[in-house]
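First the structure, in the form of structure tokens, and then the observations on it.
The values are calculated or read from the model by the stated rules, or taken from the named source; none is laboratory data. All values reported here derive from a predicted model rather than from experimental measurement. Here the Cβ positions follow ideal geometry from the backbone for every residue, glycine too, while neighbour counts run over all protein chains shown. When the accessible area is computed, the model is the full protein with side chains, heavy atoms only, and any ligands, DNA or RNA have been set aside. Shrake-Rupley method; radii C 1.70, N 1.55, O 1.52, S 1.80 Å.
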Amino acid sequence: MKKVITYGTFDLFHRGHYNIIKKARELGDYLIVGVTSESYDIERGKLNVQDSLLKRIENVRSTGLADEIIIEEYQGQKVNDIIKYDIDILVIGSDWRGKFDYLKNYCEVKYLPRTKDISSTKLRSEKHIYKIGVVADDDKDGGIVEETKYVSGIHVEGVYAPEETLAKEFCDKYELNFHTADYEEFLSSVDIVYVKCVLKKRADYIEQAIEHGKYVISDSPMTLEPETLKALFKKAQEHQVVLVEKITFVYLRAFNQLVWLTHGDMIGKVVSVKCAISQDVFGGGKSFNETVSHALCAVMKLLGKNCMEVTSNPVKDGAGHFVYDMITMKYPDALGTIEIASTLDIENSLVVTGTKGRINIPNDWWNTGYFEAKVEGNEFLKRYSFNFEGNGLRYLLQELLIIISDRRTECTRLFYDESEALVEILQTLNQKG
Ligand code: CTP
């Protein structure tokens, strides 16, 4: 029996996909089709896939041509599959010509001509492009213009700034399509609003955007008033839109994997979560509130949102400026510790210690694709590494597009009640500080 295998993402299933699967089937007696998993696509930098894995598998299955469907989950899997399934021929489109020649040691490799004038990329570009508008009060874009280039279906169109000159300057700098100092006009020209301005004005901009039915991404924190935040989330749900707080690390594969392993008992019962974060290195100097929000969020993701008590010990310089703090978050049987500094050169890291081991992310833990674990009974450090590019915003944007297409009104990476619990702690810290 001649066994054939072929692989693909098969996003927005089209006749090019059907043709290659059909030709592959005709070359043998048994056809296996490998469909890429979501995490593998993200890992190889393909962030624009629109259909879920289940849908893509279902589309391949409904051709009736595949005898078996497998999932391609990691780089290097093809060699393993060819040996495991005793494959005679690997079939792939001519766009990959030469790229799989190294597999010729294992089986025959056939590059077949692609079907002309059709591709998932082309179909994706014909779909709706969501227009992002930035609310700015300085000429920095927070990386959004660059990051959107890696996520298809989304584009930064224009900018609003309360002063016309600043709006124009911003627009020219990032080569956007429009600028305005009229917020109503701005809202009528975009689908998604990115609020990137001083904290005290954020809530107003967010509220108006939601009332106009816009999706919103806002710098964190959105407000220091828990009641205001609750009202904003309520309004978002009433208007069937989603309000996303810009804490990007909760969208990263490495951080999520770390949380899953921790909650999956890899290091036993968690006793301590310790994170250090410095305002200076964090995105080139952020406010205390924005920096500490990230740390609070990390502790909460690992220990839960029911923190019993928060204590802080701020150190100030002679002029009364914040310099350093060691914040503790008390849980019934664990402790979260946050070391935060403004100008001091502290060592950034995140360490989760449990009764059976520890997991840690060295250096800038909020912006990484890496972590390591040391588990009882294993003398070696286990290293985990995932593809990570840019400043993390592209992963948030990609998730936002999925939320929009699923018509959800809440993000599951950072739930509304988690953001609310976070702001309550922030409020306490600000009152104390
Ligand atoms: N394919 C083809 N003809 C096309 C499009 C794809 O023969 N017009 C083949 C590819 O060469 C590959 C398989 O179908 O062997 C799965 O391709 P995939 O990358 O999933 O589809 P594309 O349309 O090429 O996707 P994209 O535009 O995202 O690269």
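Restricting attention to segment 75-89, and to residues there that are of a type in the set (Val, Ile, Thr) and farther than 20 Å from Ile21 by Cβ, which single residue is surrounded by the most Cβ atoms within 10 Å (Cβ to Cβ)? Applying the filter and picking the extreme gives Val79. Does any residue of segment 283-300 turn out to be assigned to a loop (DSSP other than H, G, I, E, B) and charged (D, E, K, R)? Yes - at least one qualifying residue is present in segment 283-300.
Restricted to segment 39-52, and to residues that are more than 12 Å from the ligand (Cβ to nearest atom) and surrounded by fewer than 18 Cβ atoms within 10 Å (Cβ to Cβ), which residue is farthest from Gly153 (Cα to Cα)? That would be Ser39. Of the strands (runs of 3 or more DSSP E) that lie entirely inside segment 320-433, those containing 2 or more residues that are under 25 Å from Glu225 (Cα atoms) span 322-331, 334-341.
Applying the set (1) surrounded by 13 or more Cβ atoms within 10 Å (Cβ to Cβ); (2) modelled with pLDDT under 95; (3) away from the ligand (no atom under 13 Å from the Cβ); (4) not small (Gly, Ala, Ser) to Tyr30 leaves exactly one unmet item: (2). Can you name the number of the only condition in (1) out of contact with any Pro (no Cβ under 9 Å at 6 or more places or on another chain); (2) open to solvent by 30 Å² or more (accessible area, probe 1.4 Å) that Val273 fails? Single failed check for Val273: (2).
Scanning segment 238-266 for residues that are more than 19 Å from the chain's Cα centre (by Cα) and among the small types (Gly, Ala, Ser) yields a single hit, Gly264. Within segment 108-143, the set of residues being more than 15 Å from the ligand (Cβ to nearest atom), modelled with pLDDT under 95 and of a type in the set (A, V, I, L, M) comprises just one member, Ile129.
Residues of segment 229-243 that are open to solvent by less than 10 Å² (accessible area, probe 1.4 Å) and farther than 10 Å from Thr409 by Cα: Leu229, Leu232. Here the strands (runs of 3 or more DSSP E) wholly within segment 161-280 that include at least 1 residues being basic (Lys, Arg) and either at negative phi or in contact with a Ser or Thr (Cβ under 9 Å, 6 or more places away or on another chain) (or both) are 192-196, 270-278.
Is there any pair with a first residue in segment 1-20 that is open to solvent by 20 Å² or more (accessible area, probe 1.4 Å) and a second that is more than 9 Å from the ligand (Cβ to nearest atom) and hydroxyl-bearing (Ser, Thr, Tyr) whose Cβ atoms are under 8 Å apart and which are 6 or more apart or on different chains, and what are they? Partner pairs satisfying both residue conditions: Met1/Tyr30; Lys2/Tyr30; Lys3/Tyr30; Lys3/Tyr85; Tyr18/Thr63. Of all residues in segment 141-170, which are more than 21 Å from the chain's Cα centre (by Cα), over 30 Å from Leu12 (Cβ atoms) and open to solvent by 10 Å² or more (accessible area, probe 1.4 Å)? Within segment 141-170, Tyr160, Pro162, Glu163, Glu164, Thr165, Leu166, Lys168, Glu169 qualify. Going by the structure shown, is Ile92 near the ligand (Cβ under 10 Å from one of its atoms), surrounded by 13 or more Cβ atoms within 10 Å (Cβ to Cβ) and modelled with pLDDT of 95 or more? Yes.
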